[in-house]
Every structure is written in structure tokens, then in C-alpha cells.
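Novice: Submitted below is the structure of interest, expressed as C-alpha cells.
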Amino acid sequence: MIRKLTQNRWNWSQKDQQWVFIECDDNGTLLYHYQINPPKEFTELTMKIKILNDKLIMCKDPKKNSDIFNEMMKVSKRMQSMGKSC
């Protein structure tokens, strides 16, 4: 099932097999911006998740584990709302 693309954030389009950013201009017209490579912010946040995950695997302290996990959730939420950088 293909999900509906969201305005004002980067989306991966399965149909087009590329990233798309949808914005609405002053007239209400939807403008679509496509690119094949992932947005820079996506790549950076993916690396942060990987580093945090590695720390989480190595950590034995439950309090620190919780802190690391909470940080991962913040990064994950940020990934879900990536805006368009000019």
C-alpha cells in the first residue's frame, strides 16, 4: 500500500523511486521538487541514529540506555519532519 505524500517535508516516493518535496505556493498550487539522492539532513540524521544505536548496544546502564533511546526517538521524529533547505 502506498501512503499519501505529505506537504512541506521530504517524502520518499515509491512510485517515482525518488525523493519529493511538496510545497504550496501563494496561489494554492502544489509545487513538486524531485531529487534522486536523499536530502543531506536525512543522511546526517541516519548517521546519528547509527551512532546512538551502537552506543545503545554497548551500554549496560539502564538509565543511560533510557537516555540514549530517548535521544534516538528525538532524531527519529526529526527525520519524519525534514523540511526543504535552500
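Novice: Give me the one-decimal nm value for the distance between modelled label points at S81 and T46, 7 Å along each residue's Cα-to-Cβ direction.
Specialist: Placing both labels 7 Å beyond Cα along the Cβ direction yields 2.3 nm.
Novice: Further, regarding this structure: To the nearest 0.05, how large is the calculated FRET efficiency for D25 and K74 if R₀ is 30 Å and r is the Cβ-Cβ distance?
Specialist: 0.45
Novice: In degrees, nearest 10, range 0 to 90: what is the angle between the Cα axis of helix 62-79 and the longest Cα principal axis of the chain?
Specialist: Once rounded, the angle reads 10 degrees.
Novice: Which value, in Å², gives the accessible area per residue of the chain when a 1.4 Å probe is used on the protein heavy atoms?
Specialist: It amounts to 78 Å² per residue over the chain.
Novice: Would you kindly derive the ³J(HN,Hα) couplings of region 26-38 from the backbone phi angles with the Karplus curve 6.51 cos²θ - 1.76 cosθ + 1.60 (θ = phi - 60°), listing them in order in whole Hz, with x for Gly and Pro?
Specialist: Couplings: 4, 8, x, 7, 7, 10, 10, 10, 10, 7, 7, 6, x Hz.
Novice: Okay, moving on. Roughly how big is the chain's charge dipole about its Cα centre, with Cβ charges of +1 (Lys, Arg) and -1 (Asp, Glu), in debye to the nearest 20?
Specialist: It comes to approximately 420 debye.
Novice: Nearest 10 degrees, 0 to 90: what angle lies between the long axis of helix 40-58 and the longest principal axis of the chain (Cα atoms)?
Specialist: 20 degrees
Novice: Same structure again: R0 = 35 Å: FRET efficiency of Q35 with I57, Cβ-based, nearest 0.05?
Specialist: That gives a FRET efficiency of 0.60.
Novice: Let me ask something else about it. How high is the relative contact order of the chain, in percent, with contacts defined as C-alpha pairs under 8 Å that are six or more residues apart?
Specialist: Worked out over the chain, it gives 27 percent.
Novice: Can you pull the percent of Cα pairs in the chain with separation above 23 Å?
Specialist: Distances greater than 23 Å cover 38 percent of the Cα pairs.
Novice: May I have the count of lysine pairs in the chain with C-alpha atoms under 14 Å apart, counting pairs 8 or more residues apart or located on different chains?
Specialist: 8
Novice: Distance from the Cα centre of region 12-49 to that of region 58-86, in angstrom?
Specialist: Cα centroid of region 12-49 versus Cα centroid of region 58-86: 21 Å apart.
The values are calculated or read from the model by the stated rules, or taken from the named source; none is laboratory data. Bear in mind that the values here come from a model prediction, so they are computed numbers and not experimental data. Every residue, glycine as well, gets a Cβ built from its backbone with ideal geometry; the counts of neighbours run over all protein chains shown. Areas reflect the complete protein model, heavy atoms only, side chains present, ligands, DNA and RNA absent. Shrake-Rupley method; radii C 1.70, N 1.55, O 1.52, S 1.80 Å.
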